[in-house]
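Read the structure below first, then the notes.
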Amino acid sequence: MAAMFRGSRNLLLRWTKHVDLAFVSSRSMASKTPIGFVGLGNMGSPMAKNLLRNGYPVIATDVFPESCKELQDMGAQVVDSPADVAEKADRILTMLPSSPNVIEVYTGPNGILKKVKKGTLLIDSSTIDPAVSREMAVAAEKMGAVFMDAPVSGGKVPATFVSMFIPSLSQNQPTDPFSSFPRLGLDPKLLAKILNMSSGRCWSSDTYNPAPGVMEGVPSANNYQGGFGTTLMAKDLGLAQNTATNTKTPIPLGSLAHQIFRVMCARGYANKDFSSVFQFLREEEGQ
């Protein structure tokens, strides 16, 4: 009887603790400002999940409804359009693939600016043409809202112009030695070790090596699947190229990298990680 009583008491305590935690979590979420989120792709979805994990109510939408399911299961409120998000939240984040997507989400028939409230803070973390960001800022201001351009870097997508150039050029930098030294009988792993102990060390040699068999956990170890697509790199470098042209800024290496990734897209590399430039250049050399 005593054992049965103790078991029942422990079960009751565990249940009570669970209810208390759920209550505290709900109360914490209810006390924080709801955040609207539009765009639940490779970058947007993890960002929205982090908001939920930190107790923020999230009101979300995406052009692909299936992208919303996991977030909805975590407690997000899913609505039909960006306009619906603007109706329910005065703090809105957008994370979208391209300039046309941003224009549509903000100014389209069901866009944010159709129902935005005065004083709403609009934060766009998409990688887009700076001219479009300026246009959206002007349009938002006319509606009494504040638009902020807040590009991101890291995670699955290198997103700011600076961080687009660095990895794209960095991937091209070690390609020559990794392509040519095997002809001399030098093992790629040994080459990586030498580079990483010298002034040749860079992000692509010690963190995101493009040569298969050198590192685990990177796209080159998985036939260049996953990671950041060549199409996206070509698109982002195109944005950077446009900005350089508009500001009359010479970027010869950036222009060359842009052309290489554009050719790769036309040669069947569009859906592979951009580090597949290593494989592409080796094939161009006839190896």
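Values in this text are rule-based calculations from the coordinates and carry no lab data. Small disclaimer: the values here were computed from a predicted structure and weren't measured. No Cβ is skipped: glycine too gets one built from the backbone with ideal geometry, and neighbour counts run over all protein chains shown.
The table that follows gives values for the structure above.
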quantity: Per-peptide average of other Cβ atoms within 10 Å, ordering 115-128, 248-261 highest first; calculated: 115-128, 248-261
quantity: Flagged links, alpha-carbon separation over 20 Å, of 88/114; 114/235; 114/142; 69/115; 235/272; 189/235; calculated: 114/235; 69/115; 189/235
quantity: Net length gained if the chain between residue 222 and residue 245 were fully extended (0.36 nm per residue, minus Cα distance); calculated: 4.6 nm
quantity: For residue 37, distant residues with modelled amide H under 5 Å away; calculated: 59, 60, 61, 93
quantity: Packing rank of 89-100, 214-225, where each peptide gets the mean count of other beta carbons within 10 Å, highest leading; calculated: 89-100, 214-225
quantity: Shape box of region 12-149 [Cα atoms, principal axes, largest first, Å]; calculated: 60, 29, 22
quantity: Relative intensity, log₁₀ I(q)/I(0), of region 97-138 from a Debye sum that treats every alpha carbon as a point, q = 0.17, 0.30 Å⁻¹; calculated: -0.43, -1.21
quantity: Long-range HN-HN contacts of residue 148 with modeled amide H, under 5 Å; calculated: 122, 123, 124
